[in-house]
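Structure, as structure tokens:
The values are calculated or read from the model by the stated rules, or taken from the named source; none is laboratory data. Since the structure is predicted, the reported quantities are computational estimates derived from the model, not experimental observations. Methodologically, a virtual Cβ is constructed for each residue, glycine included, from the backbone with ideal geometry; neighbour enumeration extends over all protein chains shown.
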Amino acid sequence: MTSANEGKANILVVDDEEDNTQLIVRALASTASLMVQTASSARQALAMVFKTHFDVLVVDHRMPEMTGAKLIDHLAGLNYGAACIMVTAFPEDEEVIRAQKAGRVQCVITKPWQGDELVLAIQFALKMHSKKG
């Protein structure tokens, strides 16, 4: 398994909608301390996490085949160890709330979001996650 470059947090953005993925990538592009990779499905994300260690996962909730909450639950069952941020237009969804209450999601960002909101959420998730480990 490979890891992020020295001093940079490795971020995986998981969203089935390419436009959303590119918005997130652009919002994070100006942050030199982040390396960003993308996955267009939960299945692709699962394949990627076995090859690369990611410090933070930014996951859309409503995706075909597997919701973001189920992806995060699956990774938690594998003791993957990354901080997770959920991006959703439906923060009141039961799966989202359950993932938060279980401590598997450090932050839920409601669509539409602002770029600085996402950067701050990632910084917060990294800080909280480092205190756990």
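Assorted remarks:
- Test: residue in the range 91-107 that is in contact with a strand residue (DSSP E or B) (Cβ under 8 Å, 6 or more places away or on another chain), closer than 14 Å to ALA9 by Cα and of a type outside the set (Gly, Ala, Ser): no
- Test: GLN114 is at pLDDT below 90 and not aromatic (Phe, Trp, Tyr): yes
- Some residue of the range 48-64 being over 21 Å from GLN22 (Cβ atoms), among the aromatic types (Phe, Trp, Tyr) and touching a residue at least 24 places away in the same chain (Cβ under 8 Å): yes
- Of all residues in the range 78-133, exactly one satisfies the criterion of being aromatic (Phe, Trp, Tyr) and in contact with a Phe, Trp or Tyr (Cβ under 9 Å, 6 or more places away or on another chain), namely TYR80.
- When the range 93-113 is limited to residues that are touching a helix residue (DSSP H, G or I) at 6+ places or on another chain (Cβ under 6 Å) and in a loop (DSSP other than H, G, I, E, B), the one that is nearest to LYS127 (Cα to Cα) turns out to be GLN106.
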